[in-house]
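The values are calculated or read from the model by the stated rules, or taken from the named source; none is laboratory data. Quick caveat, the model's predicted, so the values are computed rather than measured. Virtual Cβ from ideal backbone geometry, glycine too; neighbours counted across all protein chains shown.
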Amino acid sequence: MKRIFYLILLVFLLINCKSKEVNYIEYYSKINEADSVFRYEKDTLKAIKIYKNVFKEFEPRNQYGKRELEHYIDFCDKFKMNFGGKKTLRKLINLEAPNREYFYGYGILKKYGIDSLEVVRRFDKWEKSLDKVLVDSFKVAFERDQYYRKNFDEKLLLLNDRKNEDLILKLIKSNNFPTIDKIGYAGGSDYPIKIITLHIGSSTKRFEYFKEELYKCVKKGYIRPIVYAEFVDRESVFGVRRDTTNSIYAAYRSPHAIKDSAQVNRNRRKIGLPSLYHNRDMIKEFERYLDVMYEKKMKLKSKNNQINK
């Protein structure tokens, strides 16, 4: 009887886990909502509540350009609310490890008892945890992607794109997708997957199939929606199914005229992207943030140089 009971329990748990499979499009949409509430409604407490609920359901991403976990921590600290203390801050450090060069100067760490030595240790530990085989594979893939674009040979360029296409599809099927936590920023690019998939999208003969697989990666949280959107939009500019009459997501810089911005915004929201207006404001803010972080970096570098003299 006990064996039957445990078997039934196991089946129930497996079914339950499958039915609760995460969909990160919901995550990205909620993050956009929280940002909109703070940015346009000026309701920080409501934004905190949305962030808190979404971080209960999903592992945070702290996306490039959105910095949602940073915002949540800063807002909670401002209102003296509990955000999870050191545990959440250490989660943030791990998320920012790929971008460690611009992380120094984040003063709230010191306030909660995390010094620069611990930050460096955690960055180093993260770097050692990368999948070295996958890192090397994508260094090769990125070099392969770039070589015949710099030394132009269309036939060999397309051949290399096919090799990279086969590599990515193989990794998707084997549940070993090269996420940032596995390969960092391998290949000398901020996000090699984004560059490689863009080029695949404009030449692949399996566009619909590849698009479907990338969409699954968005839902699983492997890639950001913008990677998928740029892949789709770029194909319509340079690909074999070229259509220069409109843009689906207005994600890729292109000559497309946006005929129907309301439809574009609906398309964007379906995959977890903010509206065009909202996105423009987020980009402007992030550019200011990068300028501030660059100034901090230069000041720190100058200070270290003076100490070492």
Kindly provide the set of residues from region 238-259 that are modelled with pLDDT of 70 or more and out of contact with any helix residue (DSSP H, G or I) (no Cβ under 9 Å at 6 or more places or on another chain), ordered by number.
K259
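Residues checked against (1) surrounded by fewer than 20 Cβ atoms within 10 Å (Cβ to Cβ); (2) within 26 Å of L290 (Cβ to Cβ); (3) modelled with pLDDT under 95:
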position	(1), (2), (3)
Y28	no, yes, no
Y40	yes, yes, no
F55	no, yes, no
P60	yes, yes, yes
G65	yes, yes, yes
M81	yes, no, no
Apart from one, (1) surrounded by fewer than 19 Cβ atoms within 10 Å (Cβ to Cβ); (2) modelled with pLDDT of 95 or more all hold for Y72; the odd one out is (1)
Would you mind listing the helices (runs of 4 or more DSSP H) fully within region 133-231 where at least 2 residues are without any contact (Cβ under 8 Å) to a residue 40 or more places away in the chain and in contact with an Asp or Glu (Cβ under 6 Å, 6 or more places away or on another chain)?
192-201
Return the residues of region 1-26 that are in a loop (DSSP other than H, G, I, E, B) and either of a type in the set (S, T, N, Q) or at pLDDT 55 or above (or both); say none if nothing qualifies.
K20, E21, V22, N23
Run down E208, E213, E235 and say which single residue is charged (D, E, K, R) and at pLDDT below 90.
E235
When you scan region 103-120, do you find a residue that is surrounded by 13 or more Cβ atoms within 10 Å (Cβ to Cβ), touching a residue at least 24 places away in the same chain (Cβ under 8 Å), more than 19 Å from R67 (Cα to Cα) and small (G, A, S), even just one?
no
Condition check: closer than 19 Å to N265 by Cα and assigned by TED's automatic domain parsing to the domain that holds N164. Does R234 satisfy that?
yes
Of (1) among the hydroxyl-bearing types (S, T, Y); (2) over 28 Å from G184 (Cα atoms); (3) surrounded by 14 or more Cβ atoms within 10 Å (Cβ to Cβ); (4) at pLDDT below 95, S36 satisfies every one except (4)
Tally, over region 125-151, of residues that are closer than 16 Å to I200 by Cα and not aliphatic (A, V, I, L, M)
9
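Go over the candidates F75, F83 one by one and state the one that is in a helix (DSSP H, G or I), of a type in the set (F, W, Y) and either farther than 24 Å from N23 by Cβ or not assigned by TED's automatic domain parsing to the domain that holds T44 (or both).
Working: F83 fails: in a helix (DSSP H, G or I).
Just one listed residue meets the conditions, F75.
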With the structure loaded, tell me whether R224 is crowded, with 20+ Cβ neighbours inside 10 Å, at pLDDT 90 or above and not aliphatic (A, V, I, L, M) or whether it fails that test.
yes
